[in-house]
1. With a 10 Å radius around each residue's Cβ, average the other Cβ atoms per peptide and rank B:175-185, B:522-532, highest first.
2. About the Cα centre, and with charges only on the beta carbon of Lys, Arg (+1) and Asp, Glu (-1), how big is the dipole of chain B? Nearest 20 debye, please.
3. If R₀ is 45 angstrom, what is the calculated FRET efficiency for the pair B:Phe66 and C:Leu444, using the beta carbon separation as r and rounding to 0.05?
4. Would you mind ranking A:Lys277, C:Lys37, C:Lys101 by Cβ crowding within 10 Å, fewest neighbours first?
5. Net charge within 12 Å of B:Val73 by Cβ-Cβ distance, Lys/Arg positive one each and Asp/Glu negative one each, not counting B:Val73 itself?
6. Cα centroid distance between the stretch A:7-46 and the stretch B:329-350, in Å?
7. Would you mind giving the mean number of other chain beta-carbons within 10 Å of the Cβ of each residue in C:58-66, as a whole number?
8. Excluding B:Leu106 itself, calculate the net charge of residues whose Cβ lies under 15 Å from the Cβ of B:Leu106, where each Lys or Arg counts +1 and each Asp or Glu counts -1.
Amino acid sequence: MYDNSNFQTGVNIKDVDVFYGKNHVIKNINIDIKPGEFFTFLGPSGCGKTTLLRLIAGFESASKGKVIIGENDVTTLPPWKRNIGMVFQNYALWPHMSVFKNVAFGLEQKKIEKIEIFSLVKNSLELVGLEGFENRRPSQLSGGQQQRVALARTLVVKPMILLLDEPLSNLDAKLRIQMRKDILHLQRKLGITTIFVTHDQEEANVMSDRVAVLNNGIVEQLGRPEDLYNNPINLFTANFLGTTNTLEGEVVSNNGKLKFISKENIEINNIKFKTGKCKILLRPQNFYINNNEIKDELVKLKGKIVEKEFLGNILRYTINVSEKKILVDLIHEDNSLIYKIEDEIELSFDINKLRFLES
Amino acid sequence: MKLRNTVSLKLTFFLIASFLIIFLVIPVVSVFYTAFIDPYSGNFTIVNFLDFFKNRLFIESFFNSFYVAIMSVILASTFALPLSYFTTRFQFRGSVLIQSLGFIPLIMPPFVGAVALKLLFGTNGTVNLFLNKWMGFKVPFMEGLNGVIFAESIHYFPFILINLVASLNNIDKTMEESAQNLGSSGLNLFRKIVLPLSMPGYVAGASLVFLKVFDDLGTPLLLDINNMLAPQAYLRISAIGIDDPMGYVMAVILVVTSLSAMWIAKLALAGKDYSMLQKGGGGLAKRKLNFMEKIMAYGVIIFILFIVLAPHIGLTLLSFGTIWSFSYFPDAYTLNHYKEIFETSNFIKNTFLYCSIAAFIDILLGVLISYIVIRTSIRGREFLDYIAMAALAIPGLALGIGYLRTFYQYNLPFSNQPLASWWFIIVIALTIRRLPYALRACNAALTQISIYLEESAEVFGASRYIILKKIVIPLMIAGILAGFITSFATAAVELSATIMLVSNEIDAPLSYAIYAYMQTAAGRGPGAALGVIAVVIVGVGTYFSQRIIERKQSEKLINLN
Amino acid sequence: MIIRINRLFIAFIAYLIIFCSSFANAGELVVVTSFPKDLSGAFKAAFEKKNPSITVNIIGKKTTAGIKYIQETSSNNTSDLFWASAPDAFEVLKEDGLLAKYSSAVTGIPKKVGSYPINDPDGYYTGFAAAGYGMMWNNRYLEANNLPKPSTWADMAKAIYHNHTGMSAPSRSGTTHLTVETLLQGEGFEKGWASWKFIAGNFKTITARSFGVPDGVNSGDFGVGVVIDFFGLSSIGSGFPTGFIYPKITTLVPANIGVINKAPNADNAKKFIDFLLTPEGQEILLDPRIRRLPVNPKTYSKAPADFPNPFKDSSIGKAVKFDVVLSKSRYNLINAMFDVMITYRLDDLKTAINAIHKAESKDLSAEGKNLIKEARALVAALPITENQANDPAFAKIFKKKRKKAKDIEKYTGTRQAEMEAEWDAFVIDNYSKATELANKAASL
């Protein structure tokens, strides 16, 4: 029903600046989104991700720069002329209209014939799994159902791109996971270029083709989720996507080899990086406790357990290594040994899993 | 959660209930009763109603009252719509001015404004003389029912304005943005989304206007319109007598129509509480206007404001004018009228006395009734609330007739004077008529106070009296003050019940005095001066009421829920 | 407890009030009057100045309301004087036994004014001023609309005045009632009613209150109004650009004052009446805001030049000998007739008469003239005969107190409302037929 192959449109955001009064909320951002891509704006509240989305929709205006959708420069076009679809965080279903009228709205604006509207709406509701809901009122729907109606309403007019403003944040955990899958599935099926805004890195990781991490109006890093996770280029991205341990210190020469010495005097030998001040990142799941293997790559450190958190499938330990607290995640299997606080243990990790950031 | 029902609370409940029954229920019931009694045999009958509906004049009066009420709602909406739309959707400096100026008609006693309107918009009034001279035609603004419609819509349009502004501001902006996203804009957006969503607020305001116009006596009376229900009833009773059954029939019809209108409005609003689905947060960000749009907007607004402020302008001119006859403006100006009314100052004194007592009793009852309804579990307490609020639907005329009927046989203790001609009965009529407003204010104030504040005081051993005195009432004080001032200010210009109950000049309040003054050639000036004073009293009162509420709101540091 | 304190407060206030109100002031005088403040206030001030120990308490009520008030408080009477324009109001009270006899000893007051006795021959009420009825106009309005000043009642029925005139209804105003009754007595029942209908056909409005007429003329709302003379004269006196004239058919009727039976302050009451009749009291009537005709001929020497003098100018008020007993007997009936036939159906009446005027302005054929004659007859037609109107039994249907069944022996079970509904149907029918005929005549 929805053949988008002819309509796949990319989005280009070029040199865009947005001010709220004196507040510089979007600072010279450049993003290119490929046709058919599921692209996510990820970041904490206030980072500008929603502003950027609304800019694309036409609800904000840029003081400088362009927004190009497909081949069209829409920068000066008002929202009702852009032919893009947006699902709002609160779904924005009109309470005085039935589900049918809600979904039919955009089609009526396009002056499509009544008979056609009827079948288009029906199909759209089927697409989101809400057949037969035509005569219900929004007040009679659950949160998840409302969101699907919002989706149906947006998709039925065949917009060039789809914008989703934190659509999952109002749902409970289980529903969120289900909807995540459904939305992704829908997007793949339709092939429509989608921009998704969220503050939840798990969602970003699961759903996106690529992610732009935003902070304070700038793009910290842009790329595929695994790349961002594995190779963050700054501390913010590293900390935002998953937890990470950071060691600040310096790489120095040591008899022809490079050695890292942290502020807390933790030493790591055989570093493959350049000299100078830097930061080392290592994810909690990359550590072993009391692993007696001896390998060249394995670095060993001595430490003491100071905290323990039982997260169900993961045991998270805080370990004191030379006064530096290191977070370590171990998978909790049925008969795992559970360490106790005050236990003295040995930490080890593969040196290749270290990531370096210049200071 | 409720507090214990102490004996003193139960006693209070009983006393308040008695008060309401004696001074509201019984008079209204007596009106209904008399309407159903055959004047000859004294038997129960519906023949009076049949007489009413067989008489073409009465049916005409009935339809005219309906017609005038509905047209007033429509005209008032026409004034209110552009004003509310401009101020809520666009950014321009006139906004606050508009919203506060749009409130001013409410503080004009409607009947006296009608006189001024006639001078400005009558067949040979300022505007028509001008139109005739320069364009060769006249517009019958004030002819017949048109005059009533015009005067009433000007007076009551703020109800609709205030409600519309509130509901427009309450529409979540995503409601509009999502529509824009789907291709809607401008008028289309307004028609399909904004208007329907603001309907509940609009209906609330519109039904209130309908009610008040339908029941109004003063304006048609001063405009010499007698083929409407309220003036017909009044004229029949004063011409034919308190025994004329038709007056009662008309009063009954007035009450029934009012109650029905209130009920229908409630039905229409049921299930349309859109506030649940919306998170509020105001409508779309206000758009800036370009130059041409600004000119147009200001033009429309100034035009409407001029019309709406016309009664005040006319009244002021009349109060300072010497002779104003068949001319654009008065021939000359003088301060004599003001001098005259200050020399005979018992009207102003009476008004202050009556309205203060009435307002005081109102807030006393308001606090006690809301406390009993919200905090206790005394059986039947909701009826206090219902009965007190029902006073809104009882036209002043009906209440006045009811009082005359019920209390005329009884004399004041130790005196020869009939109870119905004692000035205090006017105070009671004012009290009952204004009670709904005071009650709503007290209700709103009390619901914001957490019961835990009182319970924690109880734990320390405080009695109910101390709790009321030291905790509840101080926390409610903003609402109480607002209720007092509203009661006072609106009682100061009440005419419908007053005119039935005033028996001599010494006891007459301001509103009656204005009416009396307008009965002589030389009295228009002083009457207008009194009218201006009435406007000032009500205006100042309302202003202070608002200021007090705002200051108290900002003083509330604790989040009380 | 807070309730207790407040209730104490209220009780205290109540006590004060009751205490004050039951305290009859030895030097008090209670006057029930329909006169406006301008008049009653002026006399009150002058009387109190002369009698500092007496406080005059004015209870203002319209004539009908005043009558009712005195009737209903008669068992516990607290009023001393009844003071109003219409003599028939006094007749009503006299018949109910609610007035006390008093004849003032003050000299200088003649027996008649015009053809009307100034005092009640039986001595129950005293005339203190006279008033006649006439037409007042607004000079600026007439000028702007090119209208001549009227001089007779018939003038007001002319086509040129269509929609430029106004009047109050007899049911609203004792003085208007007298005006209507005067014309009916002067021209005869049927001819009189016809005259009234044709005059009314030119009305822009029938005002709800008697003051609405001079008010309308003063503000220029309409051009000519039927008013009692002091309305016109006081308007002129107050500076409004107005004029006034007595038509030939008018009557001068005294305004009266009477002592109420069992008055608590009878002596003070008599003093007040005396005061009204002294030269000093009579002069108060010349005040520009009052302008009523004094009954002491000598007072006129102090009046302004254009002030009418019925004792000198015999044309005023001689034409009609007013039968006050007849007026009283059919008081409510006449009110009802006027209201049903004219007031409430003004629009229909005006339409008919406008059509007739339009037709008459054309050159009509003989048939056309007949149709117009018919139309005029239809407009003038009455639902009852003069005999019925003068029949006391019939008139009783319209009596205010209908508590006794024997009041309506002849017309058992007929209620006023029922009768009025019949008449209403009658006139509507006639007016619309007349309109048809006139239109037909015009098109011929």
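Every number here is computed from the coordinates shown, using simple stated rules; none is lab data. Keep in mind that what you see is a predicted model, and the values were worked out from it rather than measured. Positions of Cβ are generated from backbone atoms using ideal geometry, with glycine treated the same way; all protein chains shown enter the neighbour counts.
1. B:522-532, B:175-185
2. On the way: 39 positive and 29 negative charges, 316 e Å.
So the magnitude is around 1520 debye.
3. Details: r = 41 Å, r/R0 = 0.91.
The computed FRET efficiency comes out at 0.65.
4. Least crowded to most crowded, the residues run A:Lys277, C:Lys101, C:Lys37.
5. On the way: positive: B:Lys212; negative: B:Glu152.
Spelling it out: positives minus negatives among the neighbours equals 0.
6. 70
7. Per residue, the average neighbour count from other chains is 4.
8. Residues close to B:Leu106 contribute a combined charge of -1.
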